Amino acid sequence: MKTVITYGTFDLFHIGHVNLLKRAKSLGERLIVAVSTDDFNRQKGKTTLVPYEHRHAVVESCRYVDQVISEHDWLQKIDDIEKYQVDVFVMGDDWQGKFDELKQHCEVVYLPRTRDISSTAIKQAMAVIAQVERELR
C-alpha cells in the first residue's frame, strides 16, 4: 500500500485544502495528514482562529483523509516518514524546495495551490471588513 503524508495548519478549512487533500490522496492508497498544534503554530509565529482540536476534527472528517496526526515541530517529519512507512511526502508549491532533504527517505511532491484562496487571504479580508464596519459606526 502506497502511503502519502502532508502537513499543515488547516485553519479556516476551505476549497484549497480540499483540493490539496484530494490531489495528495490520488498519489497513493493511504493519506496521513499532520495538523500543526496550537503550540507549534505559536512557535512559527502563526495565529490560528480555530483551535487545534477543531482543526483536527475537520481534517479527519474529510473523505480523502485516512489518518490525522499532530505536528509538534519541524524535525518530526523524518520520524513520521519512518514510523508510518511513507512513500510520498506532499506539500503545496509555496514550499517548493524547502523539503528536498526528505528525498533521501521518500518521494517529495510539491502540488500547485488553488489560485486566489488561502487562510491568510481570508483572514486579511475579514480584518478589512471589520475595519470598514468600525469606520462606518
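Things worth noting here:
- From helices alone, the chain scores -11500 deg cm²/dmol at 222 nm; the rule is -39500 (n - 2.57) for each run of n ≥ 4 DSSP H residues, then divide by the residue total.
- Each residue, E53 and D66, gets one label point 7 Å from its Cα in the Cβ direction; the gap between the two is 2.9 nm.
- In this rough spin-label picture, where each label sits 7 Å from Cα along the Cβ direction, the T114-R134 distance is 3.0 nm.
- On a per residue basis, the convex hull of the C-alpha atoms belonging to the chain measures out at 116 Å³.
- The chain, dipole about Cα centre (Lys/Arg Cβ +1, Asp/Glu Cβ -1), debye to the nearest 20: 420 debye
- Restraint check, K77/K98; K77/K103; K22/K98; K2/K98, Cα-Cα greater than 20 Å: K22/K98; K2/K98
Quick note: the coordinates plus some simple rules give every number you see, no bench work behind them. Quick caveat: nothing in here was measured; it's all calculated off a predicted structure. Because the Cβ atoms are built from the backbone with ideal geometry, glycine has one as well, and the counts that use them run over all protein chains shown.
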